[in-house]
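Data first, discussion second: the structure below is written as structure tokens.
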Amino acid sequence: MCWLIFRTEPPKNYIFYCLGLALFIRLSFLTATPIGSDDVYRYMWDGKVQTSGLNPYSYAPNSDSLNHLHSVLLPASVNHPDIKTLYFPFSEWIFSLCYQMSGEAIWGYKLILLFSEIATIIGLILLTSRLHIQSKFVLLYALCPLSLFQFAIDSHLDGLGFPFLIFGVLAYLQRKTTLASFLLGLSMSIKPVGLVLLPILIIHESLWKKRILLLVIPALTISFQFIPYLLNSNPLEALFTFVKHWTFNGIVFESLNLYFSDNQKTRLICALLFGLFLLLLSVSKKPLFDKLYLSVLLLLLFSPVVHPWYIAWLMVFLPIMQRWSGILYVATASLTSLTILNYKLFGVWKQEPAVLIIEYLPVIVFLFFELWTPQNTAALFDKNMKE
């Protein structure tokens, strides 16, 4: 499909037909049960707890204090019920809204995600138009199987952060720094992936006033959310546990850990290496969109945990950058389903080294090739900013 998009020039009505098809496919899964992940049941449980007026950061799902909220579905279907929620308050408020819409039925969560994906596609249409990129490349997101599977079927909350990210970048392009900073803060409130973009945007900005806005507004946007929960809980407790211990599908981490065999030491080395490469990227002379794309890709390469839906944060840049490293990444990410399938069939969580090699080798090869062949698309951004 991607090959055809690159090689053909479809008429505009054909593109809109394809976007209509993408919407229809998503609608067809509105009530479908997730098959690759049970994360949505954690969203449901958090929404139920929040709606009942309780602090979702105070109790783990299996806490006796929440027995009066138990049902046949919840929290029985929640993974790791002994761990408190790790999601930021903005996500918790959305979970509460979804629960008030559909209760313990899944359609409320999928409906909000559907609206979010429509907003993302609209944002990509506006952004590609602003950058004089052909609208056909929006199909790289709209019809991407990774997007359909992870959001339309498995209902991962990451899709909620994409429209804030895209419209934040669009506002930055329009020199609306305050709005851009606020939208990026909301995107980071869903998942803090956008945090890696801030050093690049700050260094790229020439005015110190706008640099301060890009730093302060996202920080305040995130920080203020936690104020109602700080008196009787530690909202970051579960997040720190996740960051400290969880591992899955991280190519650099898994490779280094073969030598060090020490989870904490390997994490620290990955963090230092990522910080170094991000700093070098931020001060490099590459066009801005090259830097934004590469910063997310570097984050994924050095992260100890890379679930397939995490890679979707790179996918939203494909209509702008059209990089084969990203296209191959979102395609080969589906190979991680072998681990999930093995777990569901035999109860064993095992990550196959061969899957890591097949998944990442094409990505790394194309990445090195692309580093020496800059995209004209990215250069257009800098030209527009100067004008």
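The values are calculated or read from the model by the stated rules, or taken from the named source; none is laboratory data. Because the structure is predicted, anything quoted here is derived from the model rather than measured. Ideal geometry is used to build each Cβ from the backbone, glycine not excepted, and the neighbour counts take in all protein chains shown.
Quick notes on this one:
- Single condition LEU179 does not satisfy, out of (1) free of Cβ contacts under 8 Å to residues at least 40 places away in the same chain; (2) outside any helix (DSSP H, G or I): (2)
- Cβ separations smaller than 7 Å between residues 6+ apart or across chains give the following pairs from segment 22-41 residues that are surrounded by 13 or more Cβ atoms within 10 Å (Cβ to Cβ) to residues that are hydroxyl-bearing (Ser, Thr, Tyr): PRO34/SER155; GLY36/SER337; ASP38/SER77; VAL40/TYR109; VAL40/SER155; TYR41/SER77.
- Residues that are under 30 Å from THR339 (Cα atoms), β-branched (Val, Ile, Thr) and in the same structural domain as ILE94 (by TED's automatic domain parsing) are absent from segment 42-57 altogether.
- Among the residues of segment 51-63, not one is outside any loop (DSSP other than H, G, I, E, B) and either in contact with a Leu (Cβ under 6 Å, 6 or more places away or on another chain) or modelled with pLDDT under 95 (or both).
Condition check ((1) surrounded by 15 or more Cβ atoms within 10 Å (Cβ to Cβ); (2) at pLDDT below 95; (3) assigned to a helix (DSSP H, G or I); (4) touching a Cys at 6+ places or on another chain (Cβ under 8 Å)) across all residues:
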residue	(1), (2), (3), (4)
LEU292	yes, no, yes, no
LEU299	yes, no, yes, no
THR336	yes, yes, yes, no
LEU341	no, yes, yes, no
GLN351	yes, yes, no, no
VAL355	yes, yes, yes, no
LEU361	no, no, yes, no
ASN384	no, yes, yes, no
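- Among residues of segment 150-161 being touching a Gly at 6+ places or on another chain (Cβ under 8 Å) and surrounded by 24 or more Cβ atoms within 10 Å (Cβ to Cβ), the one that is nearest to TYR293 (Cα to Cα) is GLY161.
- Candidate set from segment 199-221 (those that are β-branched (Val, Ile, Thr) and in contact with a helix residue (DSSP H, G or I) (Cβ under 6 Å, 6 or more places away or on another chain)); member that is surrounded by the most Cβ atoms within 10 Å (Cβ to Cβ): ILE200
- Residues that are crowded, with 19+ Cβ neighbours inside 10 Å and among the polar types (S, T, N, Q), drawn from segment 254-281: ASN257, THR266
- Test: residue in segment 66-75 that is touching a Phe, Trp or Tyr at 6+ places or on another chain (Cβ under 6 Å), at negative phi and of a type in the set (A, V, I, L, M): yes
- Residue pairs meeting the criteria (Cβ under 8 Å; at least 6 apart or on separate chains; first closer than 17 Å to PRO304 by Cα, in segment 341-363; second outside any helix (DSSP H, G or I)): GLN351/PHE248; GLN351/ASN249; LEU356/ASN249; GLU359/ASN249
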